[in-house]
Amino acid sequence: MWATVAKHLLKAKVLSCAAHTSPKVQRNKLARSGALLHFTRWQHRARVILDDQTLHGGTMIRNVEPLHADRFVCVHWMDGGHSVYPYVWLRDNCQCPECFLNSAKARKLPIENLDVNTGVKDVTLMDDKKICVTWPDEHQSEFDAQWLKERCFSEQSREEMQEELFAQEHHHWGCDLQIPTMSYEDVLRSDQSAYEWLCALRKVGIVLLEGAPVKQGELVTLGKRIGYMRLTFYGYTWQVQDKIDANNVAYTSRKLSLHTDYPALQYPPGVQFLHCLKQAESGGESEMVDGFHVCHQLREQNPEAFNILTSTQVDFTDTGVDYCDFALQSKQQIIELDHNGGLLRINFNNATRDSVFNIPAKKVQPFYSSLKEFVNLLNRPENTFSFKMKPGQVVTFDNWRILHGRKSYESGVEVSRHLEGSYLDWDVVMSRMRSLKRKLQNQNGFPPVL
């Protein structure tokens, strides 16, 4: 029933959002991104409302029973469904003060003290929202219905929880991207705006913030809004401008090919900020490509090339002096997959790809052919989104997914183009996103979902 209600409410809300897109967004032809942000907000609120309603319906327990042969506790829900929970998992996750430090949300029970072959002495339904398990040593564990429901071991429930925790859904795009755009001041002042910014950053991979003060060091303020910035060998922030004896190809006025930053680090930064302080009169346009979108194209069009780029270890290097002297060396797959075979990260910067290549000679030519095909796909006009930043704009993007580049620009005696950059790790960004979600839900009177 609630799925049907949600479907109609969501449809009505999306239509309402489309009809009331702000004039500013319409003028800038950003209606799609505006609708996306409104949709993100509604999606968040709808999920909370439905979870609260589910708490009074589908999350009520009809009865509970031990399944000794399988070593499961089976919970039968009022909605007709059921969930099974292994004995050992329930004992490991006992929520009592002796086994769990609630103030830190951390387990106190040592694994050394866990009987992995434990049975149960008794399982009782305390009310329709809580069960009690009595263990052979008379220790008792109580579990709330909502807590159990969220941790159901069914495939669908596990997928929903992983999406809830890691926000893995991506909205892919090409040259027709309507870049999500938000107010820099709103992000700093409003928790709701900050949450919507991070949701869009995670889903779309790129968000443009407007109205930032045109002064160096402002990214430190934005970084603190999330948590803390990533210190690298180029410092907490770094200045992208034409420099004499540049220690990075970005510090020149030449064209920058599409790349991700810092594959020479074993763990490249996840998120990048670029703040425009001064823009060149001629040239200097930014180019962005959704790398995951292109990876899907490559996998479909040339599976062999995709397999080579996901299995070949490529050497990257970066040497010089900046924040301090450095001599970096790493090994990365150009396209890195997670344990399920999904896209995790793109590691590609042609400038820092090393001449050292630790593979058999007979595999070199196939690798180059595969890489060239990938780069050709990246550079297709239908895959590339171009725009020219203005002073006061901050582009925030996923450095694991989005490849970025720059057209050449004219350089004179004075600095003609100046961007300030900084990095954050996805761990920090996702932490802030979850914290903001909990805070907003608590303020609205709903229990946190996570």
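Among the candidates Q239, Q272, Q297, Q301, single out the residue that is among the polar types (S, T, N, Q), modelled with pLDDT of 95 or more and more than 29 Å from N376 (Cβ to Cβ). Explain how you work it out, then say what you get.
Values: Q272 fails: more than 29 Å from N376 (Cβ to Cβ); Q297 fails: more than 29 Å from N376 (Cβ to Cβ); Q301 fails: more than 29 Å from N376 (Cβ to Cβ).
Just a single option satisfies the conditions, and that option is Q239.
Residues being at positive phi and not in a loop (DSSP other than H, G, I, E, B): count how many of those fall in segment 385-415.
Taking segment 385-415 first, the residues at positive phi are 392.
Narrowing further to those that are not in a loop (DSSP other than H, G, I, E, B): none.
Selection size over segment 385-415: 0.
So which residues in segment 339-376 are surrounded by 14 or more Cβ atoms within 10 Å (Cβ to Cβ) and without any contact (Cβ under 8 Å) to a residue 12 or more places away in the chain?
none
Of everything in segment 278-326, what is within 26 Å of G235 (Cα to Cα) and polar (S, T, N, Q)? Give them in sequence order.
Result: Q279, S286, T317, T319.
Listed here are the residues, each with its yes/no results for (1) in a helix (DSSP H, G or I); (2) under 29 Å from the mean Cα position of the chain (by Cα).
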position: K331; (1), (2): no, yes
position: F348; (1), (2): no, yes
position: S355; (1), (2): no, no
position: I359; (1), (2): no, no
position: K372; (1), (2): yes, yes
position: V375; (1), (2): yes, yes
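Report yes if H293 is open to solvent by 40 Å² or more (accessible area, probe 1.4 Å), on the phi < 0 side of the Ramachandran plot and in contact with a His (Cβ under 8 Å, 6 or more places away or on another chain), otherwise no.
Numbers: open to solvent by 40 Å² or more (accessible area, probe 1.4 Å): yes; on the phi < 0 side of the Ramachandran plot: yes; in contact with a His (Cβ under 8 Å, 6 or more places away or on another chain): yes.
Taking the combined requirement at face value, the residue satisfies it.
Would you mind stating whether E65 is assigned to a strand (DSSP E or B), modelled with pLDDT of 95 or more and open to solvent by 60 Å² or more (accessible area, probe 1.4 Å)?
On the way: assigned to a strand (DSSP E or B): yes; modelled with pLDDT of 95 or more: yes; open to solvent by 60 Å² or more (accessible area, probe 1.4 Å): yes.
Criteria met by E65.
Return only the number of the condition from (1) in a strand (DSSP E or B); (2) touching a residue at least 40 places away in the same chain (Cβ under 8 Å); (3) under 12 Å from I61 (Cβ atoms) that M126 does not satisfy.
(2)
Identify the single condition in (1) open to solvent by 30 Å² or more (accessible area, probe 1.4 Å); (2) closer than 21 Å to W197 by Cβ that C276 does not satisfy, given that it satisfies every other one.
(1)
Looking for something within 27 Å of G412 (Cβ to Cβ), in a strand (DSSP E or B) and either open to solvent by less than 30 Å² (accessible area, probe 1.4 Å) or of a type in the set (G, A, S) (or both) - is there at least one such residue anywhere in segment 212-235?
At the first step, the residues of segment 212-235 found to be within 27 Å of G412 (Cβ to Cβ) are 212-219, 234-235.
Of the ones still in play, those that are also in a strand (DSSP E or B) are 235.
From what is left, the residues that are either open to solvent by less than 30 Å² (accessible area, probe 1.4 Å) or of a type in the set (G, A, S) (or both) are 235.
Yes, because at least one residue in segment 212-235 is within 27 Å of G412 (Cβ to Cβ), in a strand (DSSP E or B) and either open to solvent by less than 30 Å² (accessible area, probe 1.4 Å) or of a type in the set (G, A, S) (or both).
Among (1) open to solvent by 50 Å² or more (accessible area, probe 1.4 Å); (2) assigned to a helix (DSSP H, G or I); (3) closer than 27 Å to K224 by Cβ, where does E382 come up short?
All conditions pass for E382, except number (3).
Determine whether Q146 is without any contact (Cβ under 8 Å) to a residue 40 or more places away in the chain, part of a helix (DSSP H, G or I) and polar (S, T, N, Q). Spell out the reasoning first.
Details: without any contact (Cβ under 8 Å) to a residue 40 or more places away in the chain: no; part of a helix (DSSP H, G or I): yes; polar (S, T, N, Q): yes.
When the stated conditions are applied, Q146 does not pass them.
Working only within segment 246-269, note down all residues that are among the aromatic types (F, W, Y) and part of a loop (DSSP other than H, G, I, E, B).
Restricting attention to segment 246-269, the residues satisfying the condition of being among the aromatic types (F, W, Y) are 251, 262, 267.
Scanning segment 246-269 gives Y262, Y267.
Does segment 86-95 contain at least one residue that is open to solvent by less than 20 Å² (accessible area, probe 1.4 Å) and closer than 24 Å to Q156 by Cβ? Spell out how you get there, then give the answer.
Taking segment 86-95 and keeping what is open to solvent by less than 20 Å² (accessible area, probe 1.4 Å), we get 87, 90, 94.
Narrowing the set further to residues that are closer than 24 Å to Q156 by Cβ leaves 87, 90.
For segment 86-95, residues open to solvent by less than 20 Å² (accessible area, probe 1.4 Å) and closer than 24 Å to Q156 by Cβ: present.
Would you check if S103 is of a type in the set (S, T, Y), free of Cβ contacts under 8 Å to residues at least 60 places away in the same chain and in a loop (DSSP other than H, G, I, E, B)? Lay out the reasoning, then the answer.
Details: of a type in the set (S, T, Y): yes; free of Cβ contacts under 8 Å to residues at least 60 places away in the same chain: yes; in a loop (DSSP other than H, G, I, E, B): yes.
Judged against the criteria, S103 is a match.
Quick check on segment 185-207. Is at least one of its residues open to solvent by less than 20 Å² (accessible area, probe 1.4 Å), within 26 Å of L440 (Cβ to Cβ) and without any contact (Cβ under 8 Å) to a residue 12 or more places away in the chain? Working first, answer last.
Keep residues of segment 185-207 that are open to solvent by less than 20 Å² (accessible area, probe 1.4 Å), which gives 187, 193-201, 204-207.
Cutting the leftovers down to within 26 Å of L440 (Cβ to Cβ) gives us 187, 193-201, 204-207.
Right, trim to without any contact (Cβ under 8 Å) to a residue 12 or more places away in the chain and you get 193.
Within segment 185-207 (the criterion being open to solvent by less than 20 Å² (accessible area, probe 1.4 Å), within 26 Å of L440 (Cβ to Cβ) and without any contact (Cβ under 8 Å) to a residue 12 or more places away in the chain), the answer is yes, since at least one residue qualifies.
Kindly indicate whether any position in segment 160-174 is open to solvent by 80 Å² or more (accessible area, probe 1.4 Å), at pLDDT 95 or above and either touching a Phe, Trp or Tyr at 6+ places or on another chain (Cβ under 6 Å) or part of a loop (DSSP other than H, G, I, E, B) (or both).
no
For the structure I just gave you, tell me whether E287 is under 23 Å from the mean Cα position of the chain (by Cα) and either closer than 21 Å to Y409 by Cβ or among the basic types (K, R) (or both). Show your work before the answer.
Details: under 23 Å from the mean Cα position of the chain (by Cα): yes; either closer than 21 Å to Y409 by Cβ or among the basic types (K, R) (or both): yes.
Yes, satisfied.
The values are calculated or read from the model by the stated rules, or taken from the named source; none is laboratory data. Everything numeric here is computed off the predicted structure, so don't read it as measured data. A quick note on method: Cβ atoms are made from the backbone with ideal geometry, for glycine too, and the neighbour counts reach across all protein chains shown. Remember, those area values only see protein heavy atoms, side chains included, never the ligands or the DNA or RNA. Shrake-Rupley method; radii C 1.70, N 1.55, O 1.52, S 1.80 Å.
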